[in-house]
């Protein structure tokens, strides 16, 4: 065992530095080029949907696709047809008419085909409410229905405000459930949640839903990155590196931190890499990538960083009285920089993860990571070229097509949901224009007679 020096102990007690020690590659921005210069289209697969926000599909051989509607309903697509009865209807439990509240996401257990378990994330209270992660089981009498009486709350996450709840949940290749939790809302991370390891807010969480403890409906994976008080009992049996990671009051569920609003994320089904679309504030949107080899514990910089730029943004006065955003020389870069970013000036205001294509039908799209923007309707593709990330605009959707979320179908296809409901105040989603779900296909392989998403006239 490596001996702990007094200096290393002092450094550990003072806390590990969150400032990056070496220069990092700057993130890609729109304007790059992908190999082969791919072209895509969006083909409509379902419409007449009430504020759809995400899509999910189990690996059970049925070919079914499930669409999450923000008011608290999960619709079922079988053979491309929306079923008359929903998979789940909990409108009486969700709040969906104010800002980002409502039902966000669902995840099928990796052994869903055998155990019928499904996990749902939704908000249950007005304003300073909570996000609930709830387990359901498929009805014994109807495989297209969840049993409402099987509901079991796995996790209850309190929020001080009505926005930045995050929302996405998904099982990783390791079989654990990952949960995106926003910083609690309002602006500027007023409670410093992003950097505070004593709270779940502003984090990616990782839990084991297959086991429970006397005080939790789940258990903590033994390789989660932050050493718990129980592990400290073996303090002098751990390495110097492990000792430096001790945070006595850190929440053991934390996988990574320094996030503002990780509304959407996904895993590359081939590599296992994790992509997190973190919604920024006022100036920059960012896409983070955690390689499958990661042991967790990454700090993505919020609220000291927004993208690769310091926060708050530094403004320079121009002779005409206007202001220009500038990055000072040698400003400290906190945490891990994103692989991609774009400006609020001309590219969008709210990044949405779409995922990495790994299906068999469109080899020309293999390995491309797709993301979109809720405000502008732009869709980009990203890929590493000669070790550097490139970010190319692939579509500029017409006004009214607002990407809200995504999911991967049973055939590996990437589906994107869009909705037009107003997230700026109390709005009845049922009186808003209906949304739809679209499938990403190469522009040259649009099926005959298919309806494609309209694009902006340039």
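Pick from 399, 366: which is free of Cβ contacts under 8 Å to residues at least 24 places away in the same chain and loosely packed, with under 15 Cβ neighbours inside 10 Å?
Details: 399 fails: free of Cβ contacts under 8 Å to residues at least 24 places away in the same chain.
When all the criteria are applied, what remains is 366.
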| query | When only residues in region 303-335 that are modelled with pLDDT of 90 or more and not in a loop (DSSP other than H, G, I, E, B) count, which is surrounded by the fewest Cβ atoms within 10 Å (Cβ to Cβ)? | reply | 310
| said: Considering only residues that are at pLDDT 95 or above and within 21 Å of the chain's Cα centre (by Cα), which ones fall in region 76-101? | reply: none
| said: Of everything in region 375-397, what is part of a loop (DSSP other than H, G, I, E, B) and modelled with pLDDT under 95? Give them in sequence order. | reply: 375, 386, 387
| task | Among the residues of region 160-193, count how many are part of a strand (DSSP E or B) and within 10 Å of the chain's Cα centre (by Cα). | result | 6
| Is it true that some residue in region 18-35 is modelled with pLDDT under 95, more than 17 Å from residue 385 (Cα to Cα), touching a strand residue (DSSP E or B) at 6+ places or on another chain (Cβ under 8 Å) and loosely packed, with under 14 Cβ neighbours inside 10 Å? | yes
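Whether any residue in region 420-429 is in a helix (DSSP H, G or I), surrounded by 12 or more Cβ atoms within 10 Å (Cβ to Cβ) and within 23 Å of the chain's Cα centre (by Cα) is what I want to check.
At the first step, the residues of region 420-429 found to be in a helix (DSSP H, G or I) are 429.
Now drop any that are not surrounded by 12 or more Cβ atoms within 10 Å (Cβ to Cβ), which leaves 429.
Still in the list and also within 23 Å of the chain's Cα centre (by Cα): 429.
The answer is yes, given that some residue of region 420-429 is in a helix (DSSP H, G or I), surrounded by 12 or more Cβ atoms within 10 Å (Cβ to Cβ) and within 23 Å of the chain's Cα centre (by Cα).
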| query | Limited to region 105-137, what total is found for residues that are in contact with a helix residue (DSSP H, G or I) (Cβ under 8 Å, 6 or more places away or on another chain) and surrounded by fewer than 22 Cβ atoms within 10 Å (Cβ to Cβ)? | reply | 2
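The values are calculated or read from the model by the stated rules, or taken from the named source; none is laboratory data. Note that the coordinates shown come from a computational prediction; the quantities given were computed from them, not determined experimentally. Neighbour counts run over all protein chains shown; Cβ positions are idealised from the backbone, glycine included.
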